[in-house]
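Working notes for the structure below.
Bear in mind that the values in this text are calculations on the coordinates, not laboratory data. These figures come from a predicted structure and were not determined experimentally. All Cβ positions, glycine included, derive from the backbone under ideal geometry; neighbour counts span all protein chains shown.
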Amino acid sequence: MDRTFERIPSGCAISGIMSVTGKRISGEKIIASISLMHDRSNGLGGGFAAYGIYPEFADHYAFHLMYQSERGRTLTEEFLNKHFIIERGEPIPTRPVATITDPPLLWRYFLKVPEERLYKNHEPMDERDYVVEKVMYINDNIPDSYVASSGKNMGAFKGVGYPEDIGRFFRLEEYEGYLWTAHGRFPTNTPGWWGGAHPFTLLDWSVVHNGEISSYGINKRYLEMFGYKCTLMTDTEVVAYAVDLLHRRHDLPLEIVAKVLAAPFWKDIEKMEEEDRKLYTALRQVYGSALLNGPFSIIVANSKVMMGLNDRIKLRPMVWGRRGDFYYMASEESAIYEIEPALDEVHVSKGGEPVIVRLKEGE
Amino acid sequence: MEINAKGMYYRDLNNLLREKVAEGVTEFTLQGINGQRYLGTGLKGKVKIEVYGTPGNDLGAFMDGPEIIVYGNGQDGIANTMNDGRVVVHGHAGDVLGYGMRGGELYIRDSVGYRVGIHMKEYKKQVPVIVVGGTAGAFFGEYMAGGILVVLGLNKKEGEPLTGDYLGTGMHGGVIYLRGEVEKDILGKEVAEFELTEEDYKRLNPLLENYANFFNVPLDEIKKVPFKKLVPVSHRPYGKLYTY
């Protein structure tokens, strides 16, 4: 995991599939979808987020780790042993792929949090806050170690290469999930390296992104005030932490989170009815530093939801469609047809208007 | 000539098309198209290409004469910098259609996305045309310097706007014909709304007839709603901005 990858200044591709009834499908479809958009990537990054893949460990935090050295693994495992109960630790299965070179050591751990540890300064602590703290600690302090994902019954599989090659490398056809997202990278402002590939994750959040976040500096400083450490050298990282802060910790509905990230313009707020005007004014005042500026299309997911969102003036593409209880989102319509030729509906997304797809309760 | 292009890489397909055009083939039917980009790019002359499926981005870019008919939806960037010819899409299409277009015609049966007609231009007889059957996204006709844009809003839902915000922003040439009304506050400050003249109808009517023919829509139905036009109020809105 050499961190001196060359920067090639020069689009990206994203794709997502979700069964709202929780039907699990293999990783083949998402690979086929993202692979159709091969030419939107340049081989410097590809990755997948998969939900529902570890049913036998559904109540464990599944940590996917990338190690640049054995020392990193030793130190991280010491740390995990101290702060978690490790139910199982194993290398993530891979297969050799000619185009995937110099992979880091890839391990996964299924963890539980010992209840007696859920105290901070003698106060009870939220279990997920505890996990976030440990993830931040590893990324920031343990050399040669990066947490690729840390949610329950989900995982991120990512690296340097074209996404279809990364998918084969990680043998994703052997997994079954009800929600898959994917990314093909064309790094613009930051180097292509394993940790910098998408998706970016925290707990069960994952984000894939096409575009660039010009407000990265402001967002990063704001999130740091809440204990999030931005260590991955890529702008998209801030989106995962922002949705965690706004939705999980501040309890804002996802519809509102979208209106913080892609806030309406002041001229449009002025035209709203009084109640909405007050709400959106307050949101912009309180969460101004969480506004994402710059061109983006993103797919944000957690165990229960998939959300597609474009920047306010839609400087990046996105299309979404549905067939029965499967929903699809992608940078290009053909990437959806590639895996589902007969859609019941298909739409070109609008700027700043989230498309939110939820798992039906009880499924 | 029929080509089954299922799974074919766009470069191979475009090379094949160029090769066959050079050999004198003038009619193509492309089956199984899905996502192949740059179809018809740079092709010249009297060539007709029927496309079954959803072609990839930049369909007909730099095209100079051929006619492409798509039986399916279109994606982004259709008719990018097109010089002459015609693209007809039996479905909807994405963003940035007709970017820098300088001639030829683009007919989309349904709605289109953002930034359609951005920076279109015209020169003497070279007058590019885009006709949109449904609605259009924001920044329609942005920085437009010439040509004709038409939005029909057929099958528009109740309360749905004909176009998005920033309509004609930065426009300094050409004309936009709107079938129906738009809110005044979405207009770019460089444009104003006018009634159509005789001259306008002479330009517009043949385009509407084409649309009606291509997509089998009754012309009466299209003409039932009165049109307005948008034209720039200044030819050189930036003349002073960049010189002082």
Using the Cα centre as the reference, give the magnitude of the dipole from point charges on the C-beta atoms of the protein assembly as shown (Lys, Arg: +1; Asp, Glu: -1; all else neutral), rounded to the nearest 20 debye.
1040 debye
Would you mind checking A:K267/A:K350; B:K156/B:K223; A:K152/A:K314; B:K157/B:K189; A:K314/B:K229 for any pair whose Cα atoms are more than 21 angstrom apart?
A:K152/A:K314; B:K157/B:K189; A:K314/B:K229
Label-point gap, in nm, between B:K223 and A:I356 - each point 7 angstrom along Cα→Cβ:
4.8 nm
Alpha carbon convex hull of region A:279-337, projected area averaged over orientations, nm²:
5.6 nm²
With +1 on each Lys and Arg Cβ and -1 on each Asp and Glu Cβ, how big is the dipole of chain A about its Cα centre, in debye rounded to the nearest 20?
440 debye
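Around B:G103, with a cut-off of 12 angstrom between Cβ atoms, what is the net charge of the other residues, counting Lys and Arg +1 and Asp and Glu -1? Let's see the in-between values first.
Numbers: positive: B:R86, B:R102, B:K121, B:K124, B:K125; negative: B:D64, B:D84, B:E105, B:E122.
Summing Lys and Arg as +1 and Asp and Glu as -1 gives +1.
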Region B:63-177 - Rg over Rh from alpha carbon coordinates, Kirkwood radius:
0.95
Helix-only [θ] at 222 nm, chain A, -39500 (n - 2.57) per DSSP H run of 4+, per residue, nearest 500, equals -7500 deg cm²/dmol
Which order results if B:L162, A:L75, B:L97 are arranged by neighbouring Cβ count within 10 Å, fewest first?
A:L75, B:L162, B:L97
Burial-style ranking of A:243-255, B:39-51, average other-beta-carbon count within 10 Å with highest first, yields B:39-51, A:243-255
Dipole of chain B [Lys/Arg +1, Asp/Glu -1 at C-beta], most positive-end residue of B:L178, B:L97, B:P226:
B:L97
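Report, as an integer, the average count of C-beta atoms from other chains found within 10 Å of each Cβ along A:331-343.
Numbers: counts 3, 9, 13, 13, 5, 3, 7, 4, 0, 0, 3, 0, 0.
Rounded to a whole number, the mean comes out at 5.
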Given a Förster distance of 25 angstrom, what is the FRET efficiency for B:K125 paired with B:K44, based on the Cβ-Cβ distance and rounded to 0.05?
0.90
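Expressed as cubic angstrom per residue, what is the convex hull volume of the alpha carbon set of region B:155-231?
Values: hull volume 8.0 nm³, N = 77.
Cα-based convex hull of region B:155-231, divided per residue, equals 104 Å³.
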Taking only Cα atoms of region A:95-137, what ratio of Rg to Rh do you get with Rh as the Kirkwood inverse-distance radius?
1.27
Listed with the fewest Cβ neighbours within 10 Å leading, A:M154, A:M233 appear as A:M233, A:M154
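How big is the shadow of the Cα convex hull of the protein assembly as shown, averaged over all directions, in nm²?
On the way: hull surface 120.6 nm².
If I average the Cα hull's projected area over directions, I get 30.2 nm².
Once you wrap a convex hull around the alpha carbon atoms of chain B, what is its projected area averaged over all directions, in nm²?
13.6 nm²
Order of A:T74, A:T234 from fewest to most other C-beta atoms within 10 Å?
Working: A:T74 13, A:T234 25.
If I rank by nearby Cβ atoms, fewest first, I get A:T74, A:T234.
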Would you please state which residues of region A:189-216 a label at A:T94 would reach in this model, taking the label point 7 Å out along Cα→Cβ and a backbone N cut-off of under 16 Å?
A:193-199
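Restricting things to Cα coordinates, could you compute the convex hull volume per residue of region A:201-290 in Å³? Before the final figure, lay out the partial values.
On the way: hull volume 9.4 nm³, N = 90.
In region A:201-290, the Cα hull volume divided by residue count equals 104 Å³.
Evaluate region A:1-137: find the radius of gyration of its Cα atoms, find its Kirkwood radius, and give the ratio Rg to Rh.
Numbers: Rg = 18.3 Å, Rh = 18.1 Å.
Reported Rg/Rh, Kirkwood definition of Rh: 1.01.
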